[in-house]
1. Evaluate the stretch D:254-276: report whether one residue or more is within 14 Å of chain B (Cβ to nearest Cβ), open to solvent by 50 Å² or more (accessible area, probe 1.4 Å), under 14 Å from the mean Cα position of the chain (by Cα) and modelled with pLDDT of 85 or more.
2. So in the stretch D:172-187, with the set limited to residues that are surrounded by 18 or more Cβ atoms within 10 Å (Cβ to Cβ) and within 7 Å of chain A (Cβ to nearest Cβ), which one is farthest from residue A:154 (Cα to Cα)?
3. Looking at (1) part of a helix (DSSP H, G or I); (2) more than 18 Å from residue B:98 (Cβ to Cβ), which one does residue B:44 not meet, given that it meets all the others?
4. Checking the condition in contact with a Cys (Cβ under 8 Å, 6 or more places away or on another chain) and of a type outside the set (A, V, I, L, M), which residue from D:243, D:254, D:220 passes?
5. Out of curiosity, is residue C:259 closer than 22 Å to residue B:239 by Cβ and surrounded by fewer than 24 Cβ atoms within 10 Å (Cβ to Cβ)?
6. How many residues are open to solvent by 50 Å² or more (accessible area, probe 1.4 Å), more than 12 Å from the chain's Cα centre (by Cα) and either in contact (Cβ under 8 Å) with a residue 12 or more places away in the chain or within 13 Å of chain D (Cβ to nearest Cβ) (or both) if we restrict to the stretch A:67-86?
7. Look through the stretch B:236-281, keep the residues that are β-branched (Val, Ile, Thr) and modelled with pLDDT under 85, and return whichever of them is surrounded by the most Cβ atoms within 10 Å (Cβ to Cβ).
8. What number goes with the only condition from (1) surrounded by fewer than 22 Cβ atoms within 10 Å (Cβ to Cβ); (2) in a helix (DSSP H, G or I) that residue D:205 does not pass?
Amino acid sequence: MKPILEVERVRKTFGGVVANNDITLEVPEGKIVGLIGPNGSGKTTLFNSIVGYHVIDGGSVRFDGREISELRVPRIARRGLLRTFQQTRIYGKMTCLENMLISVPQRDQTWLSILRKPPAADESKAEDLLEFVGLYAKRRLLAGELSFGQQKLLEFGMALMNEPRMLLLDEPTAGINPTLINGLMHRLRRVNEELAITLFVIEHNMSVIMSLAEYIYCLAHGELLAQGRPDEIQADQRVIDAYLGAH
Amino acid sequence: MSNLLIGAVFALAAYGMALVWGVMNVVNICQGEFVMLGGYTAYFLFKAGVHPLVGIPVAAVLLFVFGWLLYRAVIFRVVDKDLFISILATFGLSILLQQLANQLFGADVRTADAGFRTLFFFDNMVTVSVVKIVAFGAALLVGAILMLFLKKSRLGQAIRATAQNARAARIMGIDTGRVYATTYALNAAICGAAGALVAMTWLIHPYLGLPYTVRSFMIVILAGLGNVAAVLAAGLGLGAAENFAGFILGAEYQSAFVFALLVAILLWRRFWLDRTRGYLK
Amino acid sequence: MGKPQIRSTLALGALAILVAAGVPASAKVEGDTIVLGAAVSLTGKYSTNGKNTQDGYELAVARVNEKGGVQVGDKTYKLKVVYYDDESTPARAAQLAERLINQDGVKFLLGPYSSGLTKAIAPVTEKYKIPMVEGNGASLSLFKEGYRYLFATLSTTEFYLKEAVNLAAMTAQAAGRDPAELKVAMAFENDPFSQDIRAGVTEDAERWGMKVVVDDKLPPELNDMAATLTKIKAVKPDLLLVSGHTKGATLAVRQTAEMRVEVPMIAITHCDSAQVAETLGSAAEYFLCASQWDRSLSYRDDWFGSAEEYAQLFEATYDYSPPYQAAESTAAVLVFVDALQRAGSFDTEEVRDAIAATDMQTFYGNIKFDETGKNIAKPMVLYQVQDGQYKVVAPTDWASAKLIHPRRLPE
Amino acid sequence: MPPTASRLLLIGLVVLALAAPWLAPAYRTQISFLWVMIIFALTWDILGGQMGYNSFGNVVFFGVGMYGCAVIQRDTGLDYYPALCLGMTAGAALAVTLAAVLGSGLLGLRGHYFAIATLGLGFAAGEFASGWDFIGAGSGMVTPLYPGEVGDRESFFYFLLLALTVVTFFVLRRLYSGRFGLAINAIRDDEDKAEAMGIRTTLYKTTAWCVSAFFLGVTGAAVGNLIGFIDPRDVAFAGPTFGVWMVLMAILGGKGTLWGPVLGATVFHITQELFWTYLLGWQRVALGLVILAIVLFFPLGILGWARERWPERFGHAVEERPATGEGAS
């Protein structure tokens, strides 16, 4: 199984604070991989480094075999590597349907095609995906009027609309009503299996990530602490110490 | 010398703008109109026989009251709104004040000649008018008083606390409404003092405000909010650059140069940040 | 699209039509009143001179009405002027001229203040074949467009500082110097009026073979002339010419004194309307000032009597001494009165021809238009500020005092 | 509201506009300026309302178009109409080129920095124009006299500007209903998110500015001829008047909507004309008060206010799909 994402010795500092230090990891194509770690361990910074939010101080990031650490966010996104945000980000003054319609893949958009109307196929696809995430009934509401959990689902739907090859999810279950978490996990698996989208997930909810991910990386203090299958991680004393705050 | 003085006056107005911007998140477009009103205060006092130097504190006090009233009447409504709303609202105020001044005082060009002498050096090749030195000193003094006030006084500390975090300040029992009103009034007072300096060194008319507003803007952007030394440096630098441009390129391109410089500085910062995948926000 | 927005759009559309149709267009002659129209600058950068212009018009109208009015054919009519505020901007002035003609039905226009605004209005009056007599658009370029319906009571820009250049040359000759050795420094505001003056004096200086050593355009936003004056100080010219409406005059006087710019002869425009002698005192001493008119001149007419009598009446009415901007505006009204009486008709073509044939004496000077419409019968005068008074020093026929040269610096 | 009704309304308005020169011939120029104001507000709203980039410098394109056209008319020696045609094309081309060049740099600035940079741009353009002798410097330029009969000129420019307004409106309506509209709305709501989704934001932003510049350039060319005299600061690059009115009109009507700017421009223009007629000398004081009232009490504009009051009329409703929809939290 060839890795779709390879992160090699990535280093990022803010002022004097080291947020990521020499992190090396890889995500195989078609899998679900988890990223865990206590608060402030550098998970979101790593996501930002991967998708091009800031310049990394050292190391390399390869997506599908090509170096992307010099590219900016939109170009990386057009290659099929997409992320969602911990604090959800949707287009608040647009309706849910419009949010979906503008999230179509941008790879083949040319100057002329941006002036055209969205094809009808886009609309039916958007409606199907809205139904998939359970927001069909609210499709004409302004996205900003949805609850936090609904916005999260919408953002997920938008990411799917973009037909990415790989999706970086930053805490997909945070803020979601616990009774709905199972449904979400079910959807994530379906996405992974049916749409063949590789998932790389930051998650705090241990039971979720343990049942979802096939392989897990754990960060602490900006460094890679441990890696392995869920059962290995669960048994790893260093991970337990990190979470309990015992140093 | 002339450059330094105009720079100091710009710096005063800019400092007031930075204060209001930083504390209240309001961009005050009628900055230049406060300068204009300060100038008229000094002018009318001068007509009544009061020395323009005395006019400086009087203008500051009058404008303080005016700023306070303006805050209570209008500005408090735009404090929590989008920055753009405050830009438009104060733009409306600026038109209003300009036109009222035009109607009340007439559009005549006025000047309050303080009667200071000019010093001459090197066979008259270098001239320094005393009024400009005095005005420059006064500008520095106003700046110093302001800094002391913000640093030492209780109200000044409240202002700084509010600038840091208005919500926290409110929880700590600071009356932010009062802080805002004071800040805005202080700004008006600074501009009023600057206006009195303008009246005694150059000339005043109802439409003189715009250059001061625009240059305050530029200086604040260059220097950032809340850095007094940088504001002063940027103000003096701008004054010098402008005069120099007038000297080299001819006076017709003097303003063009300043505005082009503003755009150039912003573009430079943008492309510089671009390399770091950042944005100028 | 929702209903409310459509309804309000409809309502507004209807309102627009109502406004459009609701204001009745007044005729050029209402009963026994002849209606003239003028766009003047009541606000904006020209509002001081705009007010002078309006006062000049109003004084003429009041005087003419008081003396019985205008006799056209066998009936006498009163005069009335409709004003709009052009805010000192050309865009507005052009629209207002159109409004005066189209909506108010005015058939005879008086000019606005400043060459720039006159430039904006002239194409409109030309198009509608409406005669306009103006007293405040001096740019020579106005009279190079071949306008048939534009007439100016004032001397055009090339005459403003011509006399100053000549004076400098003659003084040099009298002192045994060649005028070609003289160095001239110029600083003119970047607007049509001052730039046309610049074109005029450049020609004059060339004719004498003088060398132009500084030639700056002052931006209208100018609050400080220090950069230009520093240059001037360095090159030590023999003659300094400055024009920039009242702001330019005040700045030039104040800053030359402050920076001790030692030029033997300095000539400026607008120093009487800027009241430099009154407000700046000794700093203004020995400045030369171009003026269209002065109350001490020996012109007279039947409406106002002598120039001095006009000035006294003006002072009694408006509480300030009339600058020439007011006098030339008054004269513009008198030209209409004269032309209407001679034409004996309200037909714009006949009135236009009557204006073109004007050859009259007024308190403001003689008025006779050449084929381009500018007044060629009246010279400019040059004041010198002497002991806080404006004294005419040139041309010599009118001079009430001798030129003091070189200029002595105030202590 | 059924689509036919809105179509009927549009047709009605256009017919009214076409008939206006005969209904109120004396007001042709004033209504022509109404069309100009509507174009101002509509084109400002592309960036300001739909894309969230508040520009104070759009008047630059207006001025560039005006000067471009005037120079062509002066220097080519063509007859009036061919010269005007060529001039308008050149003016628009110049404006669009400028927008493309400036846009690639300035549109990388966000928020207030963009607003301030464009403010500087507007002033700089005016000052440069008034120093440049080729275009008359501070003396300005006079455009050629219209060759037709008295009154033809007013009708000509009335219909020219009306046509421009209608074209602008429909082009924008078309653009807003497509991907372009969605994309610039997305940039307005969250530009970082739009970038994260791979949208070519710079391309969209520059295109938006170019569209705005195109219509402003053509309009500028026409208005230069309508006014007849081009002053660098007060007519062409009139930042403190036209430049700010654009913003005000769009906000007054409701920015980010198609009808808002049209509505705002109409109300603003009529109010202003009334002030001019009835408040001699005090009209600007009144204008200042109106601006204050607008931003303090209607910061969302007329349409925004209506939208807030009757959200259901603007289609923001919950709808169930005939099949079962899965509920969410």
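1. yes
2. Restricting to residues being surrounded by 18 or more Cβ atoms within 10 Å (Cβ to Cβ) and within 7 Å of chain A (Cβ to nearest Cβ), the top hit is D:175.
3. With (1) part of a helix (DSSP H, G or I); (2) more than 18 Å from residue B:98 (Cβ to Cβ) applied to residue B:44, the lone miss is (2).
4. So the residue among D:243, D:254, D:220 that is in contact with a Cys (Cβ under 8 Å, 6 or more places away or on another chain) and of a type outside the set (A, V, I, L, M) is D:220.
5. yes
6. The qualifying residues number 3.
7. Among them, the one singled out is B:258.
8. (1)
The values are calculated or read from the model by the stated rules, or taken from the named source; none is laboratory data. From a predicted model like this one, the values you see are computed outputs, not experimental measurements. All Cβ positions, glycine included, derive from the backbone under ideal geometry; neighbour counts span all protein chains shown. In case anyone asks, the SASA skips ligands and DNA or RNA and just uses the protein heavy atoms, side chains included. Shrake-Rupley method; radii C 1.70, N 1.55, O 1.52, S 1.80 Å.
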